[in-house]
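Accompanying notes for the structure given below.
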Amino acid sequence: MTIKFLKLTGLALVFSMLGMNASAEEKKWSDLNAEVVSLYQENQLDDAVLAAKKALDVAEKTYGAESPEAVLSLNNLALIYKAQKKYDEAEPLYDRALLLSEKIAGPNSPDLAVTLNNLAILYSAQGRFAKADQLS
């Protein structure tokens, strides 16, 4: 579960490194994602939620609500909510990330697979094993 979080966030960090001439908002989004990872790793989940919400807001304003960056931010926020056992808050974020991933990159996208996996883990944590099995 943590690996999926770091993998997704790692994409944001790579994006940041490649975009040396990134705008201030792009850098802000990248910096917020790095902060989310750090706070998550330090188990400062309440602060990680705040940073992840800011990252999502910046992603939607900078790249658009239907962008890979928004999908990444949605996944990150959902993972933190799942870690906090706030399953009802995590599930709609995963659902939205799934729809966007499929729309953006198609049904065979690795990002879609990661989100499906994360959602299956959420269902398993809730004891909704039949629903989790449907995703695998």
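The values are calculated or read from the model by the stated rules, or taken from the named source; none is laboratory data. These numbers were taken from a predicted model, which means no experiment stands behind them. As a convention, Cβ positions derive from the backbone with ideal geometry for all residues, glycine included, and neighbour counts pool all protein chains shown. Note: areas computed on protein heavy atoms with side chains; ligands, DNA, RNA excluded. Shrake-Rupley method; radii C 1.70, N 1.55, O 1.52, S 1.80 Å.
Computed values, structure above
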{"quantity": "Flag for LEU39 being open to solvent by less than 50 Å² (accessible area, probe 1.4 Å), at pLDDT 90 or above and more than 13 Å from the chain's Cα centre (by Cα)", "calculated": "yes"}
{"quantity": "Residue in the stretch 93-104 that is surrounded by fewer than 15 Cβ atoms within 10 Å (Cβ to Cβ) and not aliphatic (A, V, I, L, M) present", "calculated": "yes"}
{"quantity": "Selection count, the stretch 93-136, where residues are of a type outside the set (Asp, Glu) and in contact (Cβ under 8 Å) with a residue 60 or more places away in the chain", "calculated": "4"}
{"quantity": "Count of the stretch 103-124 residues which are over 13 Å from LEU135 (Cβ atoms) and touching a Ser or Thr at 6+ places or on another chain (Cβ under 8 Å)", "calculated": "3"}
{"quantity": "Enumerated helices (runs of 4 or more DSSP H) restricted to the stretch 51-128, each holding at least 2 residues that are at pLDDT 95 or above", "calculated": "68-83, 87-105"}
{"quantity": "Which listed residue is more than 21 Å from LEU100 (Cα to Cα), in contact (Cβ under 8 Å) with a residue 24 or more places away in the chain and open to solvent by less than 20 Å² (accessible area, probe 1.4 Å), from ALA34, ALA78, ALA48", "calculated": "ALA48"}
